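First the structure, in the form of structure tokens, and then the observations on it.
What follows is calculated from the coordinates using simple rules that are stated; it is not laboratory data. None of these values were measured; they are calculated from a predicted model.
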Amino acid sequence: MKVLILAGGKGERLRPITNGIPKPMVSMVGTPIIEIIISRLVSYGLKDIILTLGYLGDKIKEYIGDGNKLGANVTYFYENTPLGTAGAVKNAASALSDDFLVVSGDAYFELDFNELIARHYASGDMATIVVKEVEDARGYGLVKLSGDKIVRFVEKPEEKQSGIVNTGIYAFKKEIIDYIPDGFYDFGRDLFPRLIGEMSAFVLDGYWSDIGTLKSYYKTNLKLVEDMQYRLF
């Protein structure tokens, strides 16, 4: 199964860390987050990877290359203008001939991809969205569930509330491409509200952070440092 990584983020809320680099190149305990993500995918046998690039994308391509040093086979698609999350997938449609995964290229997560893929195939749904319960759902896609089925999707609620949110990790049937028009199109704002009844949720038990703010970035780095100390001692 191919994996498409959305790697066009600017990381404006992470400045000055992202001054001169795209968000997927920010360092997590000395390693760019994009490398951590690719290495995790490869550990599950997911070696055919597509990177969609935008802002300062050449810096990512220069670092990752063809992916060989990470045990992967990496190809690239560029966005000349921002296309949104779904639009970036549509832009790479020529490389997607079967069911596929989509992963955010600027978040840290601990996920069993074998379990996700098995659950996706078992559901028979068009999409399986990896979700996580959080204390503050503002800034995320808020998901309402009935069992494993997604019955409501609210993009970026304005009021603070706890809830289950979209992590930006998906398993899709290949036919999802037919639902995405050309041009700018977003999963949370545009597509997912149309797919109610055809989406299942995979609740993530492991750690997840979008590292979208300086606070979450440093908190996640501290978590990784503590994990390293635990493994070493």
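Structure values in brief
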| item | result |
| --- | --- |
| Placed amide H near Gly9: partners under 5 Å, 5+ positions off or other chain | Lys23 |
| When the convex hull of its Cα atoms is projected in every direction, mean area for the chain (nm²) | 12.5 nm² |
| Backbone HN-Hα couplings from phi across the stretch 164-173 [Karplus 6.51/-1.76/1.60, Hz, Gly and Pro as x] | 9, 10, 6, 8, x, 10, 9, 10, 10, 6 |
| Full-stretch length increase - Ala95, Val29 - with 0.36 nm per residue and alpha-carbon distance subtracted | 20.5 nm |
| Beta bridges per DSSP with both ends in the stretch 5-159, % antiparallel, nearest 5 | 40 percent |
| Extended-chain gain in nm, criterion 0.36 nm per residue less alpha-carbon gap, Asp182 and Asp58 | 42.3 nm |
| Placed amide H near Tyr78: partners under 5 Å, 5+ positions off or other chain | Leu53 |
| Those lysines that a straight Cα-Cα span of less than 22 Å connects to Lys144, excepting residues fewer than 8 apart in one chain | Lys132, Lys156, Lys160, Lys173 |
| Residue-wise HN-Hα coupling along the stretch 3-16, computed from phi with Karplus coefficients 6.51, -1.76, 1.60 (Hz; x: Gly, Pro) | 10, 9, 9, 7, 10, x, x, 7, x, 4, 6, 9, 5, x |
